[in-house]
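Notes follow the structure.
The values are calculated or read from the model by the stated rules, or taken from the named source; none is laboratory data. Keep in mind that this is a model prediction, so the values were computed, not measured. So basically every Cβ, Gly included, is an ideal-geometry build from the backbone, and we count neighbours across all protein chains shown. The protein model used for the area step is the full one, side chains on, heavy atoms only, and it has no ligands, DNA or RNA in it. Shrake-Rupley method; radii C 1.70, N 1.55, O 1.52, S 1.80 Å.
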Amino acid sequence: MFFKNVRNNRWITILLIVLVSFIHHACNSSEDYDNSSFLNETKSVLGNSDNSSDNSSNNTFVVTGDSGTILTSSDNGTSWTSRTSGVSKDLYAVTYENSTFVVTGYLGTILTSSDGTSWTSRTSGVNKYLWDVTYGNSTFVAVGNVGTILTSSDGTSWTPMIFGSNSLYVV
């Protein structure tokens, strides 16, 4: 008789759905999460790689992906060139500002480039997934797992901090 009443109780059903959702989120946000089943959002960014103020000349699109993949296009995406990133780790995000491309990725990976062709590995000071990076107010900001936030004025030297325990995916 107890189960018959539970089945008919809409609040118990809602509570179970919330509980299952919470457990699913908690299991999928751990550091040991296998992201091979996670759909990476590949971002692209347009940067002016000739360091001039004329955005119509030598613009370069940069896209990132799995296993250190970096592709560039200087013809509005008609053709793409594979670039050597120097890493075999997944790369999740890219931004461009102050004549610098910044790429973030797997377990603290940060790469920079002035032209989108040659890439230099930078020390992030963290061993967390870095899901996104952007630039604003004269500062690069990267975010990642377990509340990780990194800041840099030049894309080269990074200052890590932890804000809470929830993963941060977009900045």
task = Quick one: in region 146-156, of everything that is at pLDDT 95 or above and among the aliphatic types (A, V, I, L, M), which residue is least open to solvent (accessible area, probe 1.4 Å)?
result = Leu150
query = Among the residues of region 113-126, how many are touching a Gly at 6+ places or on another chain (Cβ under 7 Å), open to solvent by 10 Å² or more (accessible area, probe 1.4 Å) and at pLDDT below 95?
reply = 0
query = So which pairs qualify, if the first residue must be in region 150-171 and within 10 Å of Phe140 (Cα to Cα), the second must be in a loop (DSSP other than H, G, I, E, B) and open to solvent by less than 50 Å² (accessible area, probe 1.4 Å), the Cβ gap must be under 8 Å, and the two must be at least 6 apart or on different chains?
reply = Leu150/Ser124; Leu150/Val126; Leu150/Trp158; Thr151/Trp158; Ser152/Trp158; Trp158/Ser124
key: Meets criteria (open to solvent by less than 40 Å² (accessible area, probe 1.4 Å) and of a type in the set (A, V, I, L, M)) for Val143   = yes
ask   = Ser74: at pLDDT below 95, of a type in the set (Gly, Ala, Ser) and open to solvent by 20 Å² or more (accessible area, probe 1.4 Å), yes or no?
value = yes
key: So Val63, is it out of contact with any Ser or Thr (no Cβ under 8 Å at 6 or more places or on another chain) and crowded, with 16+ Cβ neighbours inside 10 Å   = no
key: Candidate set: region 88-98, residues that are open to solvent by 40 Å² or more (accessible area, probe 1.4 Å) and either part of a loop (DSSP other than H, G, I, E, B) or of a type in the set (Lys, Arg) (or both); chosen: the one farthest from Tyr129 (Cα to Cα)   = Asn98
